[in-house]
Each structure stands twice: as C-alpha cells, then as structure tokens.
C-alpha cells in the first residue's frame, strides 16, 4: 500500500514532480561541475600561471653572504660567484622533478659591440633558448622560451649551437640594429635574426646562446643564475614554518613539508641538488598564485552554494504546492489511523526518490559541463573522480530534504476533521 501511494503520487502529480526534479537536477549539475573543476583546478591554474614566468630563482650561495666588519662590506663581488652549467641537469633528479616545468640559466656579460650607429658598451645575456638534455631514462626540453613565454620575437628564435642573437627592441631603436645585421662583439661576428620585446631590462640587452656568453666572458661552463618554473601548491602555515627553518620542524612535519610541492620545499631540494647554490621562491609570483587560486576556488564555492540554495527554494515551493493539493489525502490517511511518522515517511520517501533521480541526472549533466569548462578555459580535460558521485547524491538528498522539511512538517499537523470538511 505504501509503495502504491508513492507511485500514485508521482503518477497524479507528474508536473509538480517534474518541476521539483528539474530544480534538483540544475542545482546538482552546477554543484557537480564546480566541485569537479575545483578539485582538479590546482595544476591547471598553476600551468596557466606559469605563463607569467618562473617562480624560483637559483644563484650561487656566496651571493647570500652579507658580512660587515668595521663598516666595510665584505660580501664577495658578483663577478666571482657562478654556478656550473654541468650541474643543472640534476634539477630533474629532485623529488619533485615532475613538477619542474622548465628552467633556464642566465649569464650576463658586459662587452663592446659594433652596431649600426657605432661602437658602444652593451650587456649581453647568455641563455638556453630551446635546450635538450637527457637525465636518466628521460629526455627533457627546456630554455627561456618555456620559462619566459611572454617574450615576443619579431623574426626568428636563435638555435643554441649558433652565433645568432636577439636584440632588445629599445636597444635596436637606439642603435639602428635590424634583422639580418651582423654585429661584432669581442672579435666575434654575431647575426641578428630577431628583435625581442620583453621587459624594460631585456629590451636594452642582446640575448645570445649561453656558450657565446661563456666564451666572451672567458668562463666556460659558468652560469650566473637559473630561473625555474615549477608547479606548486599555495603556501599555508606548514609552508611558512618550513621556509623559516626546516630543521626546526619535527621529523613528521619535516617529512610532510619536504614531500609537499610548496615553492620553498622545491627550492630547498634544488639547493641540495646543485652544489654551492642557494634557491629561493620569487615571493611575489608564488604568493600571487596562491591568492589567485584561493579566490577562484572561493568564487566556485559561492556559485555552488547559490545554486544549491536556489534548488532548495524551488523544491520547497514545489513540495508546498504538492502537499497542499494532497491535504485531503493526508486527512484521510490520518482518519484511518496513520500517524505523523507514516505521513512524514511517505513524503520523505517521495523526496528521496526525487533526489536520487534528479541527483543522478544532475551528476551526468555536471560532468559534461565540467568537461566543456576544461576545454574552453584550460584546453584540457577535467578529471571527475568516481567518488564524487555518492557525494553529489548525498548533497542532492540533503538539499531536497531541506527544501521539503517545512512543507512536510506542516502536513504532519493537518487535522483530519478540518481538511476532510473542506475548511483547510
């Protein structure tokens, strides 16, 4: 009899149940899409933010010394501190090697150059443009084209094994350098194959393959600094404690910090991997990434809550109307001996079935929405974990019960005499 009442309710009030089901479906679909994107968004946003540049810098450890005796600064001069280019592949041997998206070494050199408008002193910066190397079983391609993707080049990019160079657009405008020109630096003929548009500093420089800068400086294998672009997670209290003093952490916290992709934890491992080096996160970049990610997730949470609230209100309105239309049925049930528990069980069963049907449909639509959002926004597939399905169904049931509770409670207080007499 109970199941027959449930069936008849869905059969006779198809329109009411359909409206309530649509409300649940839409709310759950939005919630599913937002939750799926939020749980899979970290790496994708980090990859998007990597287009803004590196977030870790590696430099010689002697650069960190700052000693004064009698008012005299005894910090070693910059020219005496270098890293070894041969040590750089060890970056891909760290614990978080798969989070290292790219890295590029830099070696600035000041030299006299013969340009179109005469001879003048310029700053050359040697780097890798698109360098390939093998570490263990893996091949890795990296260079400034990956770490500084905002650099725009009119013309062509140099190859790392040539004498081709880029001239910054401000320097080119001042000196009259053009694509195809040949400039002479330290007795070497360098061909300009591109004009670089980047930051204020780079626009005043000549960017050359690293081997050329090392030859001109007379320092084979020397590197002044390395910019590293790594996928990281936002800072939290543990990250800040680890950055202050990793050795002060308890063994358990140290292992947790060391095995988490914090920017400062990856920097710590880079210091271990490269001899005589010091690595630090570029704080403005790393902190801004965390702020952006937190705000995006916060926005998604607000959208999810708003969608579920709207769904609960729609369900409440539909259930209130449906129960009011069935008040005589409720009165008859109570007149025949049904208690409040039986009445509540009937309506909560109907609400639960609506939640399961609408939740399942909403989950499937939400998965499709998440996949489309991934394609449109990140040009990548959003991975929806199977464990999300029972979570979504539970949310659908909670929202439906929350929207129905007030109406069901009112039905439990219907007086059989009043409703059967037609006074209510």
* **Spans of helices (runs of 4 or more DSSP H) in region 216-295 with at least 3 residues modelled with pLDDT of 90 or more, more than 24 Å from the chain's Cα centre (by Cα) and under 24 Å from residue 90 (Cα atoms)** => 263-273
* Among the numbered criteria (1) closer than 30 Å to residue 180 by Cα; (2) surrounded by fewer than 22 Cβ atoms within 10 Å (Cβ to Cβ); (3) touching a strand residue (DSSP E or B) at 6+ places or on another chain (Cβ under 8 Å), which single criterion is violated by residue 271? -> (1)
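Might you let me know whether region 338-357 holds any residue that is within 32 Å of the chain's Cα centre (by Cα), modelled with pLDDT of 75 or more and under 22 Å from residue 16 (Cβ atoms)?
No, there is no match, as no residue in region 338-357 is within 32 Å of the chain's Cα centre (by Cα), modelled with pLDDT of 75 or more and under 22 Å from residue 16 (Cβ atoms).
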* Structure fact -> Selection from region 135-156 of residues free of Cβ contacts under 8 Å to residues at least 40 places away in the same chain, surrounded by fewer than 12 Cβ atoms within 10 Å (Cβ to Cβ) and in a strand (DSSP E or B) yields 139
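Just give me the residues in region 168-179 being within 15 Å of residue 191 (Cβ to Cβ), surrounded by 18 or more Cβ atoms within 10 Å (Cβ to Cβ) and in contact (Cβ under 8 Å) with a residue 40 or more places away in the chain, in sequence order. Can you show your working first?
Going residue by residue through region 168-179, those that are within 15 Å of residue 191 (Cβ to Cβ) are 172, 177-179.
From what's left, surrounded by 18 or more Cβ atoms within 10 Å (Cβ to Cβ): 172, 177.
Residue satisfying the conditions is 177 alone.
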* Somewhere in region 101-108, is a residue surrounded by fewer than 19 Cβ atoms within 10 Å (Cβ to Cβ), over 26 Å from residue 182 (Cβ atoms) and touching a strand residue (DSSP E or B) at 6+ places or on another chain (Cβ under 6 Å)? -> yes
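Okay, residues lined up against (1) more than 26 Å from residue 201 (Cβ to Cβ); (2) at pLDDT 85 or above; (3) surrounded by fewer than 17 Cβ atoms within 10 Å (Cβ to Cβ):
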| site | (1), (2), (3) |
| --- | --- |
| 66 | no, no, yes |
| 83 | no, yes, no |
| 91 | no, yes, no |
| 95 | yes, yes, yes |
| 116 | no, no, yes |
* Asked: Within the set of pairs 6 or more residues apart or between chains, which connect a residue that is assigned by TED's automatic domain parsing to the domain that holds residue 268 inside region 239-257 to a residue that is surrounded by 11 or more Cβ atoms within 10 Å (Cβ to Cβ) and in a loop (DSSP other than H, G, I, E, B) with Cβ atoms less than 9 Å apart?
  -> 239/260; 241/249; 242/249; 242/260; 243/235; 255/249; 256/249; 257/249
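The values are calculated or read from the model by the stated rules, or taken from the named source; none is laboratory data. All values derive from a computational prediction rather than experimental measurement. Cβ atoms come from the backbone with ideal geometry, glycine included; neighbour counts cover every protein chain shown.
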